[in-house]
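Q: This is the structure I have questions about; it appears just below.
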Amino acid sequence: MTSHRLHVWPWLRPLGRLLLPDWLAITIGRDVLAWRDLSERELRHELAHVAQWRRHGWTLPVRYALESFRAWRAGESWYRGNRFEVEARAAERSAEDEA
Ligand SMILES: [Zn+2]
């Protein structure tokens, strides 16, 4: 499993909600910050973001923002249409789900 640290901080909830109403977690480097504990599926989503951080390093926030802008300009959701989120959603499904 991808090396990571999960931090569960309930006080983050109102902060994240300013950006996304149904916000749950954000990943920065290999640190996953969540306002409640994550299910396996939710953790797999965040671990995909850990892998993206490893791949792109500190250029990821810039790439992510540009990608959100591209999605928004194409008439998609800046969040759901962002290819980094599309990739993370695909990673939510485990090997067992596919069997
Ligand atoms: Zn995500």
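The values are calculated or read from the model by the stated rules, or taken from the named source; none is laboratory data. Computed from a prediction, not measured in an experiment: that's the story for all the values here. Note that each Cβ is placed from the backbone with ideal geometry, even for glycine, and that neighbours are counted across all protein chains shown.
Q: Are there any pairs with C-beta distances below 7 angstrom linking a residue in region 68-92 that is of a type outside the set (A, V, I, L, M) to a residue that is assigned to a helix (DSSP H, G or I) and loosely packed, with under 14 Cβ neighbours inside 10 Å, with the two at least 6 apart or on different chains, and if so which?
A: Pairs found: Glu92/Arg41.
Q: Can I ask one more? Of the residues that make up region 49-64, is at least one of a type in the set (Lys, Arg) and within 11 Å of the chain's Cα centre (by Cα)?
A: Looking for residues that are of a type in the set (Lys, Arg) and within 11 Å of the chain's Cα centre (by Cα), one finds none in region 49-64, hence no.
Q: Still on this structure, I have one more. Checking the structure you have, find out if any residue of region 68-76 is at pLDDT 95 or above, within 12 Å of the ligand (Cβ to nearest atom) and surrounded by 14 or more Cβ atoms within 10 Å (Cβ to Cβ). Give the steps one after another, and end with the answer.
A: First pass over region 68-76, keeping only residues at pLDDT 95 or above: 68-76.
Cutting the leftovers down to within 12 Å of the ligand (Cβ to nearest atom) gives us 68.
Now restrict to residues that are surrounded by 14 or more Cβ atoms within 10 Å (Cβ to Cβ): 68.
Scanning region 68-76, I find at least one residue that is at pLDDT 95 or above, within 12 Å of the ligand (Cβ to nearest atom) and surrounded by 14 or more Cβ atoms within 10 Å (Cβ to Cβ), so the answer is yes.
Q: Follow-up question, since we're still on this one. Tell me, which residue of region 77-99 that is of a type in the set (Gly, Ala, Ser) and more than 16 Å from the ligand (Cβ to nearest atom) is farthest from Leu20 (Cα to Cα)? First the steps, then the outcome.
A: In the first step, residues of region 77-99 are kept if they are of a type in the set (Gly, Ala, Ser); the result is 77, 81, 88, 90-91, 94-95, 99.
Then keep just the ones that are more than 16 Å from the ligand (Cβ to nearest atom); that gives 94-95, 99.
Details: Ser94: 25, Ala95: 29, Ala99: 33 Å.
Only one residue tops the list, namely Ala99.
Q: Another one. Tell me, which residue of region 17-60 that is among the hydrophobic types (A, V, I, L, M, F, W, C), free of Cβ contacts under 8 Å to residues at least 12 places away in the same chain and away from the ligand (no atom under 14 Å from the Cβ) is nearest to Ser94 (Cα to Cα)?
A: Checking each candidate, the answer is Trp58.
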